[in-house]
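See structure below.
The values are calculated or read from the model by the stated rules, or taken from the named source; none is laboratory data. Note that the coordinates shown come from a computational prediction; the quantities given were computed from them, not determined experimentally. In this analysis, Cβ positions are derived from the backbone assuming ideal geometry, glycine residues included, and neighbour counts consider all displayed protein chains.
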Amino acid sequence: MAYSLKYGNREFKVALPDEQIKRVLEANPVQLSPGTPRELIEHALDNPIGSDRVENIVKPGEKVCVIISDSTRSWQNPGLILEALLDRLGAAGVLDEDVVIISARGSHREQAAEELRFLVTDRIYNRIRVVDHNCLDEKNLTFLGTTSRGTPVKLNSIAVKSDRVILVGAALHHFLGGFSGGRKSVIPGIASRDTIQANHSLSLNQGIGSGGNPLVKSGQMEENPLHLDMLEGALMLNPCFIILDKKLLFYI
């Protein structure tokens with residue numbers, strides 16, 4: 001029998017004898033909300049949770065920084081969200097030259113221009129400045145303070161100097177932070193390596209041979225020191241708006 005398997009941005013087929021197949025796992029059926037992805041995004045932006053609409057928050061002349069995930073999360077397809085978001089920023093009087101998009105790669109590898117272009121789409125890449133965050137570039141990092149757990153918070157200076165910061169990411173289970181998205185776009189997303197190392201070290205218990213902290217795990221938010229440290233550090237940046245997506249369902 002032939003099976004189609006996805007790998008990166010590609011798909012390939014393999015043929016395996018039936019006697020070698022123990023079981024085929026299939027995803028549960030999902031009832032999708034009616035409407036196109038763009039319509040769902042617009043609906044979410046029209047109905048933010050605990051916030052005013054983004055076009056009512058930003059002001060003409062303000063510098064706006066939009067933080068997105070890097071190419072290791074390219075399946076999130078941030079270009080769809082960015083198109084709708086940039087239209088609203090423009091309608092609010094924010095000029096293209098006052099907007100910068102930062103790819104929050106944390107301590108991941110450097111990304112090629114082609115990868116950044118793929119993330120945001122050709123149209124946006126040709127309009128808006130897109131920056132690949134570098135956690136080792138000390139001259140472009142700004143120290144904001146130290147968290148109550150001892151993490152020195154150094155963040156991308158472009159974001160720090162912006163008038164408004166908007167976070168775009170996905171709400172998924174994460175093996176350290178409990179869930180991804182939101183504050184994780186800041187730490188580790190646009191943080192220095194020292195900040196990332198200090199924060200991630202909270203996943204360990206004190207003492208030699210004690211193993212990992214049992215509160216640091218997938219789905220765990222309450223009393224998770226790594227999550228709480230991320231949150232404290234992200235609040236030093238004070239983002240004005242967060243967009244989280246989950247497959248074709250979009251939440252704000």
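In the stretch 145-161, the residue that is nearest to the chain's Cα centre (by Cα) out of those that are surrounded by fewer than 18 Cβ atoms within 10 Å (Cβ to Cβ) and more than 18 Å from Ile67 (Cα to Cα) is Pro152. The condition of being of a type in the set (Asp, Glu), in contact with a strand residue (DSSP E or B) (Cβ under 6 Å, 6 or more places away or on another chain) and either under 22 Å from Val94 (Cβ atoms) or in contact (Cβ under 8 Å) with a residue 40 or more places away in the chain (or both) holds for only one of Asp229, Asp245, that being Asp245. Among the residues making up the stretch 151-185, those that are more than 19 Å from Ile49 (Cβ to Cβ), at pLDDT below 95 and assigned to a loop (DSSP other than H, G, I, E, B) are Phe175, Leu176, Gly177.
With respect to the numbered conditions (1) touching an Asp or Glu at 6+ places or on another chain (Cβ under 9 Å); (2) touching a residue at least 12 places away in the same chain (Cβ under 8 Å); (3) aliphatic (A, V, I, L, M), which one is the sole condition not fulfilled by Ala113? With respect to (1) touching an Asp or Glu at 6+ places or on another chain (Cβ under 9 Å); (2) touching a residue at least 12 places away in the same chain (Cβ under 8 Å); (3) aliphatic (A, V, I, L, M), Ala113 is out only on (2). Going through (1) more than 21 Å from Ser162 (Cα to Cα); (2) modelled with pLDDT of 90 or more; (3) out of contact with any helix residue (DSSP H, G or I) (no Cβ under 9 Å at 6 or more places or on another chain) one by one, Arg123 falls short only on (3). Considering the conditions (1) buried (at least 17 other Cβ atoms within 10 Å of the Cβ); (2) in contact with a strand residue (DSSP E or B) (Cβ under 7 Å, 6 or more places away or on another chain); (3) at positive phi, Leu119 is excluded by exactly one of them, (3).
When you scan the stretch 99-116, do you find a residue that is surrounded by fewer than 19 Cβ atoms within 10 Å (Cβ to Cβ), within 20 Å of Cys240 (Cβ to Cβ) and not β-branched (Val, Ile, Thr), even just one? So far as the stretch 99-116 goes, no, none of its residues is surrounded by fewer than 19 Cβ atoms within 10 Å (Cβ to Cβ), within 20 Å of Cys240 (Cβ to Cβ) and not β-branched (Val, Ile, Thr). Counting the residues of the stretch 124-154 that are closer than 22 Å to Lys63 by Cβ and without any contact (Cβ under 8 Å) to a residue 24 or more places away in the chain gives 7.
Restricting the stretch 22-36 to residues that are farther than 18 Å from Ser4 by Cα and among the small types (Gly, Ala, Ser) leaves a set whose member that is modelled with the lowest pLDDT is Ser33.
To keep it simple, each residue is scored yes or no on (1) closer than 26 Å to Leu95 by Cα; (2) in contact (Cβ under 8 Å) with a residue 12 or more places away in the chain; (3) not basic (Lys, Arg).
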site	(1), (2), (3)
Ala15	no, yes, yes
Asn28	no, no, yes
Gln31	no, no, yes
Gly35	no, no, yes
Ile41	yes, yes, yes
Leu45	yes, yes, yes
Leu82	yes, yes, yes
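The residues in the stretch 2-21 that are more than 21 Å from Thr72 (Cα to Cα) and exposed (fewer than 10 other Cβ atoms within 10 Å of the Cβ) can be counted, and the count is 9.
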